[in-house]
Amino acid sequence: MIKERLKKLRHEVQLKEIDGIIISQPENRFYLSGFNGSAGYLLITDKDAILATDFRYVEQVKRQSPDYTLFQITGKMPDWFPKLTDGLSIRKLGFESSATSFAQHHELSEIINREKLPLELVPLEGVVEKLRAIKEPEEIACIRKATEISDRAFEYVTERLKVGTSEKEIAWELEKYMRKAGSQSLPFEIIVGAGPNGALPHAQPSDHPISAGEPIVIDMGASFGGYGSDLTRTICLGKSDNTFIKIYNIVLKAQETAINGINEGMSAQKADSLARDIIRDADYGDMFGHGLGHGVGLAHDTPPRLSPLSNDILADGMVFSIEPGIYLPEWGGVRIEDVVMLENGKVKLLSHARKMMA
């Protein structure tokens, strides 16, 4: 699996007409090497695959990344970087522009100039992310497991909810269940927004106690094998009011329209518009201010991006969320989110937690 990924990356590097690429972004590093330590660099050329890290991870690299040559970092970057590239015949070296800070680029440039290294730094954007967007069967299996955990957690906790329970208590019970069920560290902080707090798309759980009849937005995810899930449901304890029924049904229709209408080869802009047009036609367009979805995998927010601003084209093997929402200040919000994949040209649901039928 790692060898095939390296083969694909080397092909992309050759198309860019550069001699090698240095990888530091954690998810990209893991994807290409299997190494999940918190510090390290991959240096990949047409013939070389080197993993540079410090003493803390030497044994870990030997176990997780047997396809890589280990380079042990000692001292600061000016001490070891010239040795890392020595003898590799690299003239143009690509780097991840979105994962490299100005300070890091400045330091690397200073080393190259001071040591008179025959290197030219070439910024690259999204080269590895492009590969990661199309999931392999092993990756999809991990995402399925993560979605199963979050589905079960949602069902278990919400069936036991009572009026007066706080948002923080809901979040904690969900996290406990997922960790006991096999989840690794959560891919993002659980969102629980009840009543007016639900009008905040990224509401942080508070001490606010749940009241009967108010909407409760719950956004959660589990992680398995490094791959995450993403699930949002909006529920109501007790009898819901007419506003909830109206808003919920609009959002549900928007999501179902997108699920049934998205297909391979469609632009992410068009996919977004399938749901957005439903909400706009219901006169709530201004209350849906985020994109329809995002890629799901090693990171919570990866390609493809389903939004009015996206240039992505959807393809079989992509896994992403579909999550329309409407947010009304002073009242609350409704968001419904599922993780899906494109298979045989059509959307296939991966998450299956129950939805309210308002």
### Task
In nm, give the distance between the simple-model label positions of Leu15 and Ala103, each being 7 Å from the Cα along the Cα-to-Cβ direction.
3.5
### Query
Tell me, what ³J(HN,Hα) does each residue in region 205-211 have, in order and in whole Hz, if you take phi through Karplus 6.51 cos²θ - 1.76 cosθ + 1.60 with θ = phi - 60° and put x for Gly and Pro?
x, 10, 7, 4, x, 5, 10
### Message
Which order do the peptides 297-307, 330-340 come out in when sorted by mean C-beta neighbours inside 10 angstrom, highest first?
### Response
330-340, 297-307
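Once the piece of chain linking Arg91 and Ile134 is laid out straight, how much longer is it, given 0.36 nm per residue of separation minus the C-alpha distance between them?
Taking 0.36 nm per residue and subtracting the Cα distance, the gain is 12.4 nm.
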### Query
What ³J(HN,Hα) values, in whole Hz, does the Karplus curve 6.51 cos²θ - 1.76 cosθ + 1.60 give for region 212-226 when θ = phi - 60°, with x put for Gly and Pro?
5, x, 8, x, 10, 8, 10, 10, 8, x, 10, 9, 9, x, x
### Query
When we measure straight from the Cα of Lys355, which lysines land under 29 angstrom away, once same-chain ones fewer than 8 places off are left out?
Lys135, Lys145, Lys162, Lys168, Lys176, Lys180, Lys239, Lys246, Lys253, Lys270, Lys346
### Query
For the pair Ser206 and Lys83, how long in nm is the line joining their label points, each one 7 Å along Cα→Cβ?
5.5
### Query
Any idea which of Ala203, Ala146, Gly261 is furthest toward the positive side of the dipole for the chain, if Lys and Arg beta-carbons carry +1 and Asp and Glu beta-carbons -1?
Ala146
### Task
Quick one: which residues, 5 or more positions from His208 or on another chain, have an amide H under 5 Å from its amide H? H modelled 1.01 Å from N in the peptide plane, none for Pro or chain starts.
Glu167, Lys168
### Task
Calculate how many DSSP beta bridges within the chain are antiparallel, expressed in % of all such bridges and rounded to the nearest 5.
75
### Task
Over all alpha-carbon pairs of the chain, lay out the pair-distance distribution in 20 Å bins, whole %, shortest bin first.
28, 49, 22, 1
### Nearest 10 degrees, 0 to 90: helix 2-15 Cα axis against the chain principal axis
70
### Message
Skipping prolines and chain starts, which residues have an amide H placed within reach, meaning under 5 Å, of the one on Glu120, given they are 5 or more residues away or on another chain?
### Response
Lys92, Leu93
### Task
Out of all DSSP beta bridges with both ends in region 2-132, state the antiparallel percent to the nearest 5.
40
### Message
Using the Cα centre of the chain as origin and beta-carbon charges of +1 (Lys, Arg) and -1 (Asp, Glu), tell me which of Met356, Ile90, Gln64 is placed farthest towards the positive end of the dipole.
### Response
Gln64
## Note on the structure
Amide H proximity to Phe71 below 5 Å, modelled H, separation 5+ or other chain, gives Leu51, Ala52, Thr53
### Message
Starting from 0.36 nm per residue, how many nanometres of slack lie between His290 and Ile245 once their C-alpha separation is accounted for?
### Response
14.0 nm
### Message
Considering only C-alpha atoms, what is the centroid distance from region 328-358 to region 195-227, in Å?
### Response
15
### Query
Dipole of the chain (Lys/Arg Cβ +1, Asp/Glu Cβ -1, origin at the Cα centre): which of Val347, Asn242, Ile44 lies farthest to the positive side?
Ile44
### Task
For region 2-132, evaluate the Debye formula with one uniform point scatterer on each Cα (no solvent term) and list log10 I(q)/I(0) at q = 0.16, 0.17, 0.19, 0.21 Å⁻¹, rounded to two decimals.
-0.77, -0.88, -1.13, -1.42
### Message
I want to check the label-to-label distance for Asn311 and Ser38. Put each point 7 Å from Cα in the C-beta direction and report it in nm to one decimal.
### Response
3.6
### Task
Work out the length of the dipole vector of the chain about its Cα centre, built from +1 on the beta-carbon of each Lys and Arg and -1 on the beta-carbon of each Asp and Glu, and round it to the nearest 20 debye.
700
### Message
Per residue of region 262-274, what does 6.51 cos²θ - 1.76 cosθ + 1.60 with θ = phi - 60° give for ³J(HN,Hα)? Whole Hz please, x for Gly and Pro, Karplus curve as stated.
### Response
6, 8, 4, x, 6, 6, 5, 5, 5, 4, 4, 5, 4
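We did not get these values from a lab; they are worked out from the coordinates using the rules stated. What you are looking at is a predicted structure, and each value in this text was computed from that prediction instead of being measured. Note that each Cβ is placed from the backbone with ideal geometry, even for glycine, and that neighbours are counted across all protein chains shown.
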